1. Within region 48-78, track down each residue that is in contact with a helix residue (DSSP H, G or I) (Cβ under 7 Å, 6 or more places away or on another chain), assigned to a helix (DSSP H, G or I) and within 25 Å of residue 277 (Cα to Cα).
2. When you go through 45, 36 one by one, which is the residue that is in the same structural domain as residue 98 (by TED's automatic domain parsing), touching a helix residue (DSSP H, G or I) at 6+ places or on another chain (Cβ under 8 Å) and at negative phi?
3. Test residue 83 against the criterion of being assigned to a helix (DSSP H, G or I), farther than 28 Å from residue 289 by Cβ and in contact with a helix residue (DSSP H, G or I) (Cβ under 8 Å, 6 or more places away or on another chain), and give yes or no.
4. Determine whether residue 279 is over 25 Å from residue 167 (Cβ atoms) and either surrounded by fewer than 22 Cβ atoms within 10 Å (Cβ to Cβ) or not assigned by TED's automatic domain parsing to the domain that holds residue 211 (or both).
5. Looking at (1) surrounded by fewer than 18 Cβ atoms within 10 Å (Cβ to Cβ); (2) in the same structural domain as residue 243 (by TED's automatic domain parsing), find the lone condition where residue 106 falls short.
6. How about region 16-42: which of its residues are surrounded by 17 or more Cβ atoms within 10 Å (Cβ to Cβ) and either over 19 Å from residue 141 (Cβ atoms) or out of contact with any strand residue (DSSP E or B) (no Cβ under 8 Å at 6 or more places or on another chain) (or both)?
7. Looking at residue 91, is it more than 18 Å from the chain's Cα centre (by Cα), at pLDDT 95 or above, surrounded by 18 or more Cβ atoms within 10 Å (Cβ to Cβ) and within 18 Å of residue 54 (Cα to Cα)?
8. Taking the conditions exactly as written (modelled with pLDDT of 95 or more, buried (at least 16 other Cβ atoms within 10 Å of the Cβ) and not in a helix (DSSP H, G or I)), does residue 206 satisfy them or not?
């Protein structure tokens, strides 16, 4: 049976470090890391995600604000709030909770966020820095968390075959770039990919983010591979499943993330890490992580 990669423990260890650094920053500079979340509409999943982020931010001693707007909010109102938060000295990180209502263009509003406060790493400037391999930008939190989990299994990634199932802007594409920077040979699969099982079987590292419960079967997985399951699929029964058929995959993989308890905690932990990094930069302090 494969090793279970405990995302909760790894995220918890990171948050302990963040707590200590945040306390030291406040003592030395008087600056408390500040995170603001913008949520439009009453989508239950979005409500839960923002609440989770807020609770954990406050546990680390951060200042947290949630700004909620009705689903009919106009572009002018949302844009004005983003500009206000861009100028707020107590706010170091801004997140725009997706998805947005259909009348609001997410790219327009992600581009309005000050890149130095874009702790979700979705502003075109930060995405461009990742593409070019330049330091100093923010990287999307879920891919960062996935990479941290992978590095608990592998001492080095040079030359390993990595396959990413899903090419979203939030996960698949930035994940591919991070693994390329680690000198992996990277393949990205999408809805038009042919012979997907064979592509999966070629992977030393398999990252799956497609939103289809139990889609990836155990016999698709190379023996000993590291499997990172990003999917969170809530069934009508209330059961939560990943994109990978965990029971069958566990027999093949060398290491695998569970759902829940794998990638999810890491996403929030790296959001808090990015926010603290932004606060350190605001204070003109060297960030030690």
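The values are calculated or read from the model by the stated rules, or taken from the named source; none is laboratory data. Because the structure is a prediction, the values reported are computed rather than measured. Counting neighbours? That spans all protein chains shown, and the Cβs are built from the backbone with ideal geometry, glycine included.
1. 52, 53, 56, 57
2. When all the criteria are applied, what remains is 36.
3. Criteria met by residue 83.
4. It is true that residue 279 is over 25 Å from residue 167 (Cβ atoms) and either surrounded by fewer than 22 Cβ atoms within 10 Å (Cβ to Cβ) or not assigned by TED's automatic domain parsing to the domain that holds residue 211 (or both).
5. Among (1) surrounded by fewer than 18 Cβ atoms within 10 Å (Cβ to Cβ); (2) in the same structural domain as residue 243 (by TED's automatic domain parsing), residue 106 violates only (2).
6. Scanning region 16-42 gives 18, 21, 22, 25, 31, 40, 41.
7. In short, yes.
8. The answer is yes for residue 206.
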